[in-house]
Amino acid sequence: MSSTIHGLHHITCIAGDPQLNVDFYAGLLGMRLVKRSVNQDVPDTYHLFYADGAGTPGTDLTFFPWPAMERSRRGIGLAVEVALAVPAASLPYWHDRLTAAGVDVGPTDGESVGGDAAAGAGFVTRFGETVLPFRDPDGLHLALVATDDDRPFVPWDKSAVPVAHQIRGLHAVRMWERDMGPTVAALTTLLGMTPAGVEDGWHRYAAGSGGSGTYVDVRELPEERRGTWGTGGVHHVAWRVDDVAEGTALREIVEDAGLRPSPVIDRFWFESIYFKEPGGTLFELATEGPGFGRDEDMAHLGEQLILPPWLEVHRGAIEGALPALVLPEGSR
């Protein structure tokens, strides 16, 4: 039995207004809303899943919209940026699309502007890749990374973004740590990740065979304050495992290291195990399946509120507590 993760499965963040979130991710970014559900632990709030055309694991960026929550405070013990993969030739398109929509682009962490100067201002170079950092309406730090790495991706033919420029999925996640030693030991010794480079204080690690969708970048900032959850922040980072057997084997390794993982939890579309890495970031091990087509026609994913079977008995109360959502024109 392999004792390694295979890459990113999904990353879940915290949003404010759910309609604004839909307009930005399904509208401006052109991602497909593949599941409109609820936070299974707090079912009076949505859980919105954006991905490629089929909800392929590794392409999912998901959100809990909590409008009353305060803004996240970036700091140690939390993931601080989510990087999304786009085709290398599409960066000029994205620069123009984002800036025309009034989106704040460019680095905020002291990075030097560089990369593909012909694509426009605001680009940086990281690990040999040209990157366009930007923020969503809640202040979540995002980045588009130019890559032609071969990876699973299903186009979305109703996207407002042409197929040639569509977001291919998650590329990397970045974390700040007060002491990166224990975190690196967990990534490498427990989860089987391997070093993939060091640059400007950032240490990159790759899962599985590496490539787009497998990276975590870690930076040690011993004087930095601790981060707090809130709107515009990352809630947790989920890593792919093949199935429950592989997840359970990894769970035993994590438990033996004293990191106190949760039991296997049925999320209906995948099975999950949660634990905090030594620096405090919440990690999840999530299985490849059964997948989002388990309870919906694949042609109509995300169009209606879908609940796991054990919450169906509460549908009336749940629907009554949730605001209506409207998908962008053309994507439904």
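Taken together, the values in this text are just the output of simple stated rules run on the coordinates, not laboratory data. Note that the structure is predicted; figures quoted are calculated from it, not measured. Cβ: placed from backbone, ideal geometry, glycine included. Neighbour counts: every protein chain shown.
Some values worked out for this structure:
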| read-out | value |
| --- | --- |
| Highest-fluctuation residue, T125, T56, T12 considered, GNM on the chain with Cα pairs under 10 Å | T125 |
| Charge dipole of the chain about the Cα centre (unit charges at C-beta), most positive-ward option of S90, G289, H9 | S90 |
| 222 nm mean residue ellipticity, helices alone, for the chain (DSSP H n ≥ 4; -39,500 (n - 2.57); rounded to 500) | -3500 deg cm²/dmol |
| For segment 181-332, convex hull of alpha carbons as volume per residue, Å³ | 182 |
| Cα-Cα P(r), segment 8-321, percent of pairs per 20 Å interval | 34, 61, 5 |
| Sites Y93 and R73, calculated FRET efficiency, Cβ-Cβ separation with R0 25 Å, nearest 0.05 | 0.15 |
| Fraction of antiparallel bridges per DSSP, segment 153-266 only, in percent to nearest 5 | 60 |
| Highest-MSF residue in the chain out of Y205, Y46, Y93 [GNM, Cα springs under 10 Å] | Y93 |
| Contact order normalised by residue count of the chain, Cα under 8 Å, 6+ apart, percent | 26 |
| Approximate spin-label separation V264-E303, in nm, with each point projected 7 Å along Cα-to-Cβ | 3.4 |
| Placed amide H near A54: partners under 5 Å, 5+ positions off or other chain | V154 |
| Listed peptides 231-240, 97-106, 174-183 by packing density, highest first (mean Cβ within 10 Å) | 231-240, 174-183, 97-106 |
| Positive dipole terminus of segment 8-321, leading residue within H235, M31, A245 (C-beta point charges) | H235 |
